[in-house]
Amino acid sequence: MSTAVSPAGLGGTPASDGCIMALDAGTTSVRAILFDEFGRRIAVAQRPLTMKYPHPGWVEQDPVEILSAQVACMIEVQFKSGIHSNRINAIGITNQRETVIVWDRQTGQPIYDAVVWQCRRTAPLVERVVAEGHGDLIRERTGLVPDAYFSATKIAWILDNVEGARDMAEAGQLMCGTVDTWLVYNLTRGKVHATDFTNASRTMLFDIHKLDWDDELCEIFGVPRSMLPEARPSSGDFGEVSADIMTHHPRILGVAGDQQASLFGHCCFKPGSVKNTYGTGCFMLMNLGGDAVTSKNGLVTTVGIAEGGAIDYALEGSVFQAGSVIQWLRDGLGLIDSAEETASLASSVPDTDGCYVVPAFTGLGAPWWRSDARGVIAGITRGTDKARLVRAACESMAYQTYDILKAMEADSGHALTSLEVDGGAANNPFIMQFQADLLGIDVVRGQTSESTALGAAFLAGLASGFWADRDELTSLFEDETRFSPEMAEERCEELLAGWHEAVRRTLA
Ligand code: ADP
């Protein structure tokens, strides 16, 4: 595959003591962050976003609020740091994925609120498309499991429910895009209508093998191709920020969806390398190299890295309940006062004495896929006390991660080479050590909790020549915490057998 632009030397704003600005347009807030040449965070500005829930299961946001909050952060971070746009070498954008916005080509005004990735309103539409027999085609071309989560049916819903929208779309009068596209379009004052391959690969309209929008899928979902942005590599030219927003109008040279930006920010450049974010849920991506493997375990295949003239695909899986199990211990059971104390409580006992918590609060995801499963606490004895229960809850994050990573290994044929971690619960040394023990590989936690934003900065900085190459990026990560496996293999097997027995009970 050839990139539209040369990966290096696009010529960002020259500045010897310059920095890169990352825009992190997340679901609950947007941020602008400045990074120096060592990948260190210099300054950050953040604004919360309002979530709207107009009906049960519906989730929307105001596109103008997303844009104005983002611009406010861009301005604020310059004043906070004293670093103004003449010293900003390039800009990288990372964003909540799948969320869509539709706007008028003439006026630039959105015709409806942003329909957010979490929104379930189009579930019946997806069911219909699958019932019509299009499931296999969707899986083959997009790498995704058909779901309302992805963008396609959200765009179709707007066209079918906003008065006159479908006619306007057919007449070429509407444009659409994910949040990255909306920001790029407005920051360049309408000069660039583009997205990157990683965001495109989450729309269910994009052929991840051909790296192009798919006419048949556009037809199936009723989305006119003329609305769609141009899809480009993640590292390359996305236009110049308009001078009325930033005086020295730096260029946007990097764009990637949040999970893929995080993969890049962790420098997971080798096939088999994996990053896992331990937040409310866990999000795991494994680099597959050039091979877009189809999962047999219900994981999705997606564009992982589109930088430097090549494509690395990735397998993606998620654990629905991870850090949320700790919130449940605190807020539901009142067993603990804070998430932080779980590490010392869990370490205060040698093991759980056969107790397992399977937090299938809303069913079990990959690799089990049972939405009807419900949680279980198994193996309770008179000796099961607070510390053992807390330990079992902490261990559940590591067991669930283990199950998905084993599915990824089976699907990809790649043995795990490393696990890079971040997210709130990655600060728990007990969980990280237990994870290394179960997997039998090193678990590596970097110094920064900013892998997602850093990934966007890396993509932009490589395109501008701010950083020379991937080796230079890798060399920035010297201060990391490494957890190496210590547990005997037989003990691991014994524990895993107990875990899988407990999972079987939730499935029953
Ligand atoms: P998100 O981005 O999904 O909101 P974060 O990455 O901020 O998540 O992580 C917050 C989650 O991590 C919460 O569910 C919290 O219970 C859990 N968490 C935070 N610190 C710890 C800790 N030291 N040990 C275990 N879990 C933790």
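The values are calculated or read from the model by the stated rules, or taken from the named source; none is laboratory data. Everything numeric here is computed off the predicted structure, so don't read it as measured data. Heads up, the Cβs are rebuilt from the backbone with ideal geometry, glycines too, and the neighbour counts pull from every protein chain shown. Just so you know, the surface numbers come from the protein's heavy atoms only, side chains and all, with ligands and any DNA or RNA stripped out. Shrake-Rupley method; radii C 1.70, N 1.55, O 1.52, S 1.80 Å.
Please specify each residue of segment 379-401 satisfying the condition of being surrounded by fewer than 19 Cβ atoms within 10 Å (Cβ to Cβ) and either under 23 Å from the mean Cα position of the chain (by Cα) or outside any helix (DSSP H, G or I) (or both).
Result: 379, 380, 381, 382, 383, 384, 385.
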Reported set for segment 331-344 where residues are surrounded by 14 or more Cβ atoms within 10 Å (Cβ to Cβ) and more than 10 Å from the ligand (Cβ to nearest atom) is 335
Per the list (1) buried (at least 24 other Cβ atoms within 10 Å of the Cβ); (2) more than 23 Å from the chain's Cα centre (by Cα); (3) among the hydroxyl-bearing types (Ser, Thr, Tyr), residue check on residue 484 breaks on (1)
Taking segment 402-436 as the search range and keeping residues that are open to solvent by 20 Å² or more (accessible area, probe 1.4 Å) and acidic (Asp, Glu), which one is nearest to the ligand (Cβ to nearest atom)?
-> 420
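Restricting to segment 463-481, name every residue that is within 30 Å of residue 407 (Cβ to Cβ) and either crowded, with 19+ Cβ neighbours inside 10 Å or within 16 Å of the ligand (Cβ to nearest atom) (or both).
Selection gives 473, 481.
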Within segment 268-281, residues being crowded, with 24+ Cβ neighbours inside 10 Å and within 16 Å of the ligand (Cβ to nearest atom) number 4
Tell me which of these residue 262 doesn't satisfy, since it passes every other one: (1) more than 16 Å from the ligand (Cβ to nearest atom); (2) among the small types (Gly, Ala, Ser); (3) open to solvent by less than 10 Å² (accessible area, probe 1.4 Å).
-> (1)
Residues within segment 437-446 that are within 16 Å of the ligand (Cβ to nearest atom) and free of Cβ contacts under 8 Å to residues at least 40 places away in the same chain, tallied | 1
Residue 106: open to solvent by less than 30 Å² (accessible area, probe 1.4 Å) and in contact (Cβ under 8 Å) with a residue 60 or more places away in the chain, yes or no?
-> no
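Which ranges mark the helices (runs of 4 or more DSSP H) fully within segment 153-212 that have 2 or more residues being open to solvent by 10 Å² or more (accessible area, probe 1.4 Å)?
Passing ranges, in order: 165-170, 179-187.
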Does segment 301-315 include one or more residues that are surrounded by 17 or more Cβ atoms within 10 Å (Cβ to Cβ) and within 16 Å of the ligand (Cβ to nearest atom)?
-> no
The condition of being in contact with a strand residue (DSSP E or B) (Cβ under 7 Å, 6 or more places away or on another chain), within 14 Å of the ligand (Cβ to nearest atom), more than 21 Å from residue 366 (Cβ to Cβ) and not polar (S, T, N, Q) holds, among 392, 460, only for 392
Can you name the residue in segment 345-378 that is of a type in the set (Gly, Ala, Ser) and within 25 Å of residue 429 (Cβ to Cβ) and is also least open to solvent (accessible area, probe 1.4 Å) among such residues?
-> 346
So is residue 292 open to solvent by less than 50 Å² (accessible area, probe 1.4 Å), in contact (Cβ under 8 Å) with a residue 60 or more places away in the chain and touching a Lys or Arg at 6+ places or on another chain (Cβ under 8 Å) or not?
-> no
